[in-house]
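Student: Below you'll find the structure I mean.
The values are calculated or read from the model by the stated rules, or taken from the named source; none is laboratory data. These numbers come from a predicted model, not from an experiment. Because the Cβ atoms are built from the backbone with ideal geometry, glycine has one as well, and the counts that use them run over all protein chains shown.
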Amino acid sequence: MRLHDRKGNGRQGPARVSFISLPGAYNAPLLAFGPTPEKTGSMAAISPVIGLIMGSQSDWQTLRAAAHVLDELDIPHETRIVSAHRTPDRLYAYAREARDRGLKVIVAAAGGAAHLPGMTAAMTQLPVLGVPVETTALKGMDSLLSIVQMPGGIPVATFAIGTGGARNAALHAAAILALSDDALALRLEAWRRRQSDAVAERPAETATQ
Ligand code: RP5
């Protein structure tokens, strides 16, 4: 099993066991394995406004790209494994209570028959941004179509397959929050300026990208 530090860098190590306590029906401490890279120190006191949820530990390889962007933008967020088919009760409680806990946007990553984003959107009014995870069998086309083809009435904003989609989902979530947060709007503007500044005008011979 891989563990991840605050910057989302993988490192080998034993399984981390986190006890998560949430209000209401989610009151009993949950035993969760995997990505719970919560903020520490001063950031720990700030309630998360973005929920990053994923159907499996294996999705963290994709979704940590979103966490990395949120770290760069200094947006408090939480990460949870919430599987629509393996932990349906956890999904129900998470989606039902997300808004009251102060979350503003949920980014949901899933692969295969990826019903996590749609089921989450069905149970909360919060904007749900879906990230299709690349799969071995169908290269993520299964995930993409499962997430993007929501019947009319319950929207899931769907992003590209893989880490590019995860990064964009985080940036889109930031843009939503920036509508009512001037300081974040400035940070997002600066982030985009740094990205532009980092692009060379001419290709280098040895550069790989
Ligand atoms: C989905 O099944 C998850 O979102 C994941 O992408 C996929 C495979 O899960 P694992 O078998 O790797 O746990 O629920």
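Student: Only one of T206, T135, T158 is over 15 Å from V69 (Cβ atoms) and either out of contact with any helix residue (DSSP H, G or I) (no Cβ under 8 Å at 6 or more places or on another chain) or surrounded by fewer than 13 Cβ atoms within 10 Å (Cβ to Cβ) (or both). Can you tell me which?
Tutor: T206
Student: Further question: With under 23 Å from L145 (Cβ atoms) and more than 13 Å from the ligand (Cβ to nearest atom) as the only criterion, which of V128, V133 stands out?
Tutor: Among V128, V133, only V128 is under 23 Å from L145 (Cβ atoms) and more than 13 Å from the ligand (Cβ to nearest atom).
Student: Right, next: Where in the stretch 1-99 are there strands (runs of 3 or more DSSP E), lying wholly inside it, with at least 3 residues that are within 27 Å of A175 (Cβ to Cβ) and either at pLDDT below 95 or within 14 Å of the chain's Cα centre (by Cα) (or both)?
Tutor: It comes to 50-54, 77-81.
Student: Specify the residue that is farthest from the ligand (Cβ to nearest atom); the eligible residues are those in the stretch 51-83 that are surrounded by fewer than 21 Cβ atoms within 10 Å (Cβ to Cβ) and under 19 Å from S146 (Cα atoms).
Tutor: S83
Student: Now for a separate question. Being part of a loop (DSSP other than H, G, I, E, B) and among the hydroxyl-bearing types (S, T, Y) is the filter here; which residues of the stretch 109-134 pass it?
Tutor: Listed by number, the list holds a single entry, T124.
Student: With respect to V148, is the statement that it is modelled with pLDDT of 95 or more and either within 13 Å of the ligand (Cβ to nearest atom) or buried (at least 17 other Cβ atoms within 10 Å of the Cβ) (or both) true?
Tutor: Spelling it out, it is not the case that V148 is modelled with pLDDT of 95 or more and either within 13 Å of the ligand (Cβ to nearest atom) or buried (at least 17 other Cβ atoms within 10 Å of the Cβ) (or both).
Student: I would also like to ask the following. Out of A122, A178, I need the residue that is closer than 17 Å to V69 by Cα and of a type outside the set (K, R). Which one?
Tutor: Among A122, A178, only A178 is closer than 17 Å to V69 by Cα and of a type outside the set (K, R).
Student: Check the stretch 166-186 and report whether any residue there is of a type in the set (S, T, Y), farther than 26 Å from P48 by Cα and either touching a Pro at 6+ places or on another chain (Cβ under 7 Å) or part of a loop (DSSP other than H, G, I, E, B) (or both).
Tutor: No, because not a single residue in the stretch 166-186 is of a type in the set (S, T, Y), farther than 26 Å from P48 by Cα and either touching a Pro at 6+ places or on another chain (Cβ under 7 Å) or part of a loop (DSSP other than H, G, I, E, B) (or both).
Student: For the stretch 105-125, which positions are in contact with a helix residue (DSSP H, G or I) (Cβ under 9 Å, 6 or more places away or on another chain) and away from the ligand (no atom under 15 Å from the Cβ)?
Tutor: Hits for the stretch 105-125 are V105, A121, A122, M123, T124.
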